[in-house]
Amino acid sequence: MSEVLQITSPSVSKAQKREYDNINELPDEVLISILARMPMKEAARTSVLSRRWKKLWTSHPYLVFDGSNSLRGIHYRSEQVLESEQFKYLNWVNDVLESHHDAAIDEFKIRFYLDQCYQSDIDDWVRFAFGKKVQRFELDLSSSRVISHVQDSGYELCSHTLHFQTPLSLTSLVLKQVRVSGEVLENLLSNSPFLERLCIGASTSLVHLRLAGPSLCLTYLEITACARMKSLELDAPNLLSLKYSGQNIEIRFIEVPNLAEVFIGGMFVETCTRNYFLPLVPTFASQLQKLVLEMRVDERKMKLFEYPILSQLKELELQVRARDHDSLLCLTSLIQASPSLNQLSLELSWSKSYTRRRVMKVKRHHYNLKEVEIRGFVGGMVDSEFCIYLVKNAIMLEKMSIDPFTKNEKGGGNCFKAERARAARVRAEDLRSKYGVEDKLVIL
């Protein structure tokens, strides 16, 4: 981008000027297509090139206002600093929207912490985006870096803001830390015939939600951290993937003939294996191909439950919290209930308990499991025992990768974590030599 801006400098060569002239001869549609491949701020900088370029960027189809980086470390500073950053952000968004001239936009994203004090401005942004026939809309007003703000003080998306005469062009809708009721969402979906992706996070106004109708195009649904939610009803013939993480709620599956991927987490997973979710799995067990569970190991409770047969399950991902005296072998009954399982991923977050126990032994052969991934490996009893079990019982095992770091620990860390990782790799090498898995074990 800096090269483009240097074209107006008197020091540029004749070849550079000819190149600029060649670019300048292109029709507006082509130049706008080029600008669309650049970040919006960079595209705006081209306005200094000439009178013609001054307005080209204002037809940019991707309006992405990501101000989340300016909030880094803000909880260490005063409220005045926060208000100053919010004021600058508002001016940035409003200035761009005033300059924008195209009739339609493909994408509109707001990523910054704003509360109900800015209700009027945000309402205007929503109307602007929907009025421009936006296809992908994201309103993310959350920030874990800002302190002392009550969730109920957040922006509320109301029905009067969404009053439009014609159907919306939405294909994707993401709302985070936005107060929105089930009624408003249902009305919004009924007016969005092309909506395929819906993500709701940290809404304190969402209590009951019913998604139903043969014309519903929704293929992906994600609901996370909605603290007051009580029920979810799904009659969604096109739904392929469901993610729910949060409080214990009632989920009613009326008709989900294409549901193939499910993620369950939060407090809900603590009881879903016993009371709510898995007992309902037989209604779509024959089509479920991927299951992700974010869970805490509770051997006593998990031993009491018989898992339904997940005959088509190919991928199982377990995000597990455990203490070092727990045994992950209680998970083997779930693996056993998945006869077609091909890939198993385990991410382990563990804590010390200083309680000793004996090494447990379980024998259950798995005939289709070929790939295993273990993240957060420490080489203690809790994970070594599980790895040994898989080496002995996964008859067709082709690859087991062991990583001392979890996904969240990648790219960062400190001296303690680095030393822990070195020790874990040494213990993993012991597994390689002791159990003859030289060609199958990959240590990261």
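The values are calculated or read from the model by the stated rules, or taken from the named source; none is laboratory data. In this text, all values refer to a predicted model and were calculated from it rather than measured experimentally. Cβ: placed from backbone, ideal geometry, glycine included. Neighbour counts: every protein chain shown. Surface accessibility is based on the protein's heavy atoms, side chains included, excluding ligands, DNA and RNA. Shrake-Rupley method; radii C 1.70, N 1.55, O 1.52, S 1.80 Å.
Scan the range 264-288 for residues that are open to solvent by less than 80 Å² (accessible area, probe 1.4 Å), under 17 Å from L221 (Cβ atoms) and modelled with pLDDT of 65 or more and the total you get is 6. Given (1) β-branched (V, I, T); (2) in contact (Cβ under 8 Å) with a residue 12 or more places away in the chain; (3) open to solvent by 40 Å² or more (accessible area, probe 1.4 Å), where does V174 come up short, assuming only one miss? Evaluating V174 over (1) β-branched (V, I, T); (2) in contact (Cβ under 8 Å) with a residue 12 or more places away in the chain; (3) open to solvent by 40 Å² or more (accessible area, probe 1.4 Å) leaves (3) as the failure. Taking (1) of a type outside the set (S, T, N, Q); (2) modelled with pLDDT under 85; (3) open to solvent by 60 Å² or more (accessible area, probe 1.4 Å) in turn, E373 satisfies each apart from (2). Here V96 meets the list (1) at pLDDT below 90; (2) open to solvent by 20 Å² or more (accessible area, probe 1.4 Å) almost entirely, failing just condition (2).
For the range 289-304, the criterion of being modelled with pLDDT of 80 or more and over 23 Å from the mean Cα position of the chain (by Cα) is satisfied by no residue at all. Filter the range 182-204 down to residues that are part of a loop (DSSP other than H, G, I, E, B), open to solvent by 40 Å² or more (accessible area, probe 1.4 Å) and out of contact with any Pro (no Cβ under 7 Å at 6 or more places or on another chain) and give me whichever is farthest from C226 (Cα to Cα). Residue satisfying both the conditions and the ranking: F194. Residues in the range 390-408 that are exposed (fewer than 15 other Cβ atoms within 10 Å of the Cβ) and either within 22 Å of A423 (Cα to Cα) or acidic (D, E) (or both): 5 in all. Restricting attention to the range 67-88, does a residue exist that is in contact with a strand residue (DSSP E or B) (Cβ under 8 Å, 6 or more places away or on another chain) and open to solvent by 50 Å² or more (accessible area, probe 1.4 Å)? Looking for residues that are in contact with a strand residue (DSSP E or B) (Cβ under 8 Å, 6 or more places away or on another chain) and open to solvent by 50 Å² or more (accessible area, probe 1.4 Å), one finds none in the range 67-88, hence no.
Selection over the range 100-133 of residues that are more than 22 Å from G154 (Cβ to Cβ), open to solvent by 40 Å² or more (accessible area, probe 1.4 Å) and in contact with a helix residue (DSSP H, G or I) (Cβ under 8 Å, 6 or more places away or on another chain) gives a count of 2.
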